[in-house]
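Have a look at the structure below before the remarks.
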């Protein structure tokens with residue numbers, strides 16, 4: 001680990017992570033479409049044309065999903081995510097009861 005920020009290394013890490021995320025979104029059954037999609041994700045320079053990083057502080061940690069299930073705010077079927085230890089951020093909490101999406 002180094003104390004220096006390497007913008008080129010960081011850019012490569014963000015780019016590879018984003019491409020890995022895109023590959024995980026959904027399986028494509030048609031082999032020709034899957035091949036074309038994989039090629040586009042691997043080779044397109046447009047996917048990671050910056051800027052990609054933003055200096056925004058994180059939201060304050062909020063309540064756990066388990067707590068919202070116990071309070072009746074979330075459906076008990078959300079228990080699988082809750083058991084993984086996910087925690088909502090304060091910006092999401094007001095949106096949860098209404099079903100609206102807040103900032104991630």
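A few points about this structure:
- Theoretical FRET efficiency, 1/(1+(r/R0)^6), r = Cβ-Cβ of residue 79 and residue 18, R0 25 Å, to 0.05: 0.25
- A simple spin-label model places pseudo-atoms 7 Å from Cα toward Cβ; at residue 9 and residue 70 they are separated by 4.3 nm.
- Gained length - residue 34 relative to residue 49, 0.36 nm times residue gap less alpha-carbon distance: 3.1 nm
Just so you know, all these numbers are worked out from the coordinates, no wet-lab data involved. Given the structure is predicted, the values throughout are model-derived calculations rather than measurements. Heads up, the Cβs are rebuilt from the backbone with ideal geometry, glycines too, and the neighbour counts pull from every protein chain shown.
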